[in-house]
Each structure stands twice: as structure tokens, then as C-alpha cells.
Amino acid sequence: MTFKRLALATAAAAALATSALAEVKVGMITTLSGGGASLGLDVRDGFLLALEQSGRDDIEVVIEDDQRKPDVAVQLADKMVQSEKVDVLTGIIWSNLAMAVVPSVTAQGKFYLSPNAGPSQLAGRGCHQNYFNVAWQNDAFYEAAGSWASENGIGSVILMAPNYPAGVDGITGFKRFFEGTVEDEIYTRLGQTDYAAEIAQIRASEAEMLFYFLPGGMGISFMKQYSGSGAETPVMGPAFSFDQGILGAIGEAALGVRNTAHWSKDLDVPGNADFVAAFEEAYGRLPSLYAAQGYDTGLLLVSAVETADVSDPDAFRAALKAADFQSVRGDFAFADNHHPIQDIYMREVVKEGDVVTNRIIGTAATEHTDAYGPDCNM
């Protein structure tokens, strides 16, 4: 495999050169510009690092920017399937884009490996034999947080998320495992940056805790505004709102916040410390949860390529389902609906030297599976 490094120390850290001898062609459609670019960049860089470390020269990757627009993602997917003749697609961050792309490409016989988006529709009745989610089903971190809140004496909460599939799934998941009272549910616009009205609503609530999910720039804007407002309601959320890239922008305003994740840089499992060190050396920054998911997706692909030919769909599918790789999040397996079985941890935002980061403080869920698998007819 041949790599070209383009401004390695910058966000656009790596691009994979094509190989005339490639036996597997991968189309990566991800968000590389705009407010959600940091997520896509980390998925891309983690994925490429795994392929580079494999030393294989038979995998070609074509990378495109979806600009976080469903219509753009659909156009790119059509081009990759029809013109580029890719075998496998990956990369999408956002659930609304995944819903626009995944059913079409899998229906055309292509494999899709999701490194992030996990809408409930694709875990249940909309599951497909060629779709593998390497990250989580959208509800997972929220279910673990709801369980943790109940077990730790939180009696009432106010919930907030963007009004799109992942946000709706998230609030549904939290409520599924929370035994207390939900004082209110707030749904924001996707891409919203001004949260004055929502913060006023939270401050007026008598809820014991705010649980929110606002990914990327949305979470950065909200937490800075929330911290500056004088609001005192404790905050909990999923890792998407408190991951490494986001914490770098929020800073000390996030200290003490607890968040659920299947991965953390301090997770003591085989390969994780090596991954963290290799990523930091290659790209000049600490890896995020998204980078870890991209890396695991790359490892999964390599494990399948090593044991099966993509031209034999049944064999390649079986090789993917076997998940014969060492995940940097520890034990990992696919359930029958091709979504993960994995542990989920509770992390706390702390300061280590001059760096605001996360540390694991406990396990929120063990061998977690999603609630939608029974509706999958595979």
C-alpha cells in the first residue's frame, strides 16, 4: 500500500494513493469540511493508520467530502458504486446521511462498514447482511448513562439533543434505562450554535441533572455558553459531546462532566496504548473516540481481506462477521444484526498537566447489545 502524506501536522493529515494492483477498493465518504470536520478527519486518519500498519498493498481507498449534506453523500455514493467500482464503503459520521446512503449501496451488493453512525432503523427491520456497524447503535451510550444515573441516585433529569435520527435515538435510549423522572425533553436544530433559550429552560427546571447530546461544534458552543451562564445543574452526556477534539475547544468549562464511551485513551487493553502513541506520532494530536472507531474499522477490513476474497461475497461477509481483530476498546464481537457487543465505560473530564481530557472511573454497561436486534430478520 502506498501513502502520500499531505501536511502531516495539519488536519488533512493523510491521503491514500491508489494502487494498480488493488484487490479491494474502498470508498470513504466522510465529513472533511464545515462544523463536523474534526469527526470525519479523525475517522479518516484512524482508518488510514490501521491500513498503513497492516503493510498491505492490495487495498485502494478513494476519499470524498460529504460536506455533511445528504444529497452530496448520495451523489458521491452513486459515483463510487457506478464509476469507481468500489467493493466496500465506509466513513459516514451522521445518521441522516447514513440513512440516505446505506440502504442503496447494500442493495447493490456492496459492503458498508460504519465507523460511526448507528441509526436504529439499520439495526432492526432495516438491517442488511452487507451492513456492519463497527461503532455502536445510536442508543448505546445513552442507555448506559440512563442506567448509571439510576444506579447512582439521580431522581430527575432534563434531556436535550438535536432533532435528527441520532438525537431522537439517544433520548429514547436514555429513557429506556432511566428509572427516575424526565422533567423535560428539548430538541434543538442540527447545526444550532445559539442556546440562550435552551439554557434559560434548563435553569428554570428543577431537574437534578442535565443529560445532553450535541456533537461537534454544537457541543462546543453549548458548553461554553452553559458554563458562562451561571447554570448549576450537573451535566452528563455521551462521549460524542466530550471527546478529545471537543474538549480541546471547550477547555476547563467541561471539568467534572461525566460521559459514557466504549473507548478511552487510558483503557488498559492490548494494543490501545500502542494505538494512542502511533496516532499521536503520526498526526501530532491525541486520538479521539472517532479516531479509535476509524482505526477499528480499518483493522476489521484488514482481518477480512486476510482471510477471504471480496469477489466471494459469502466468504467475505463471514470474515467480517468473525471480527477476528484486536479492538482497541477490548472485547468486541458482532451480534446477529451486525452491531457490536461491547463494554461501555463512564469517564470523567479531568485536567492532566495542561491538557483537559477524560479518564475512566467505572463500567456503565457490560457486553452491551442494542434493543433493535430482535427486529432484524437476517
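Conditions tested, residue by residue: (1) within 21 Å of residue 269 (Cα to Cα); (2) out of contact with any His (no Cβ under 9 Å at 6 or more places or on another chain); (3) of a type in the set (Ser, Thr, Tyr); (4) in the same structural domain as residue 150 (by TED's automatic domain parsing).
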residue: 322; (1), (2), (3), (4): yes, yes, no, no
residue: 325; (1), (2), (3), (4): yes, yes, no, no
residue: 355; (1), (2), (3), (4): no, yes, no, yes
residue: 358; (1), (2), (3), (4): yes, yes, no, yes
Residue 294 fails exactly one of the following numbered conditions: (1) over 22 Å from residue 369 (Cα atoms); (2) in a helix (DSSP H, G or I). What is the number of that condition?
(1)
Out of the residues in the range 369-378 meeting the condition of being over 15 Å from residue 238 (Cβ atoms) and of a type outside the set (A, V, I, L, M), tell me which one is surrounded by the most Cβ atoms within 10 Å (Cβ to Cβ).
372
Filter pass, residue 300 being among the aliphatic types (A, V, I, L, M) and assigned to a helix (DSSP H, G or I):
yes
Output for Cβ contacts, cut-off 6 Å, separation at least six or different chains, first residue not assigned by TED's automatic domain parsing to the domain that holds residue 240 in the range 124-138, second surrounded by fewer than 21 Cβ atoms within 10 Å (Cβ to Cβ) and part of a loop (DSSP other than H, G, I, E, B), reads 124/376; 127/376; 127/378; 129/378
Which condition does residue 334 not pass, out of (1) in contact with an Asp or Glu (Cβ under 8 Å, 6 or more places away or on another chain); (2) of a type outside the set (Lys, Arg); (3) more than 15 Å from residue 125 (Cβ to Cβ), if it passes all the others?
(1)
Is it the case, given these coordinates, that residue 41 is surrounded by 24 or more Cβ atoms within 10 Å (Cβ to Cβ), free of Cβ contacts under 8 Å to residues at least 40 places away in the same chain and in the same structural domain as residue 116 (by TED's automatic domain parsing)?
yes
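Here's the yes/no breakdown for (1) at negative phi; (2) buried (at least 18 other Cβ atoms within 10 Å of the Cβ):
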{"position": "296", "(1), (2)": "yes, yes"}
{"position": "301", "(1), (2)": "yes, yes"}
{"position": "307", "(1), (2)": "yes, no"}
{"position": "310", "(1), (2)": "yes, yes"}
{"position": "318", "(1), (2)": "yes, no"}
{"position": "325", "(1), (2)": "yes, yes"}
{"position": "344", "(1), (2)": "yes, yes"}
{"position": "360", "(1), (2)": "yes, no"}
{"position": "367", "(1), (2)": "no, no"}
Qualifying positions in the range 276-294 - buried (at least 24 other Cβ atoms within 10 Å of the Cβ) and of a type outside the set (Ser, Thr, Tyr)
279, 287, 289, 291, 292, 293, 294
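The values are calculated or read from the model by the stated rules, or taken from the named source; none is laboratory data. Here the structure is a predicted model, which is why all the values come from computation and not from measurement. Reconstructed Cβ throughout: ideal geometry from the backbone, glycine too, with neighbour counts over all protein chains shown.
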